[in-house]
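Working notes for the structure below.
The values are calculated or read from the model by the stated rules, or taken from the named source; none is laboratory data. Since the structure is predicted, the reported quantities are computational estimates derived from the model, not experimental observations. As a convention, Cβ positions derive from the backbone with ideal geometry for all residues, glycine included, and neighbour counts pool all protein chains shown.
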Amino acid sequence: MSQLEKDIAFCIDECDMADEEIGDMLRACERLGGIAVEYFCEEFIFITDEPDDIVRLHDDEYLNIAEFNAMWWEQ
């Protein structure tokens with residue numbers, strides 16, 4: 001099975017996406033360098049039924065590039 005077939009199967013079976021959503025996801029992953037849809041979804045997307053979980057699980061300062069650069073690259 002090709003990577004494209006695996007990506008489409010994941011979109012349908014695991015994410016219950018419609019045709020347009022699958023196309024959007026495939027294009028987004030292609031623009032990111034051809035990464036696998038499953039990898040993208042598992043690493044960067046979380047879905048919850050509890051709105052309070054968003055605040056608990058998402059930290060805007062987790063990977064602050066400006067702060068990182070200030071610590072390590074800018075003198």
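Let's see how each residue does on (1) among the aromatic types (Phe, Trp, Tyr); (2) within 13 Å of the chain's Cα centre (by Cα):
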position: Ser2; (1), (2): no, no
position: Glu5; (1), (2): no, no
position: Phe10; (1), (2): yes, no
position: Glu38; (1), (2): no, yes
position: Asp49; (1), (2): no, no
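Of all the residues that make up the range 63-75, how many are among the charged types (D, E, K, R) and surrounded by 10 or more Cβ atoms within 10 Å (Cβ to Cβ)? Please lay out each step first, then the result.
Going through the range 63-75, the residues among the charged types (D, E, K, R) turn out to be 67, 74.
Narrowing the set further to residues that are surrounded by 10 or more Cβ atoms within 10 Å (Cβ to Cβ) leaves 67.
Qualifying residue count for the region: 1.
Residues that are loosely packed, with under 12 Cβ neighbours inside 10 Å, over 28 Å from Ser2 (Cβ atoms) and not β-branched (Val, Ile, Thr) within the range 12-62 comprise Asp49, Glu50, Pro51, Asp52, Arg56, Leu57, His58, Asp59, Asp60, Glu61, Tyr62, listed in sequence order. Annotation: Arg56 fulfils all but one of (1) of a type in the set (Lys, Arg); (2) at pLDDT 95 or above; (3) more than 13 Å from the chain's Cα centre (by Cα); the unmet one is (2).
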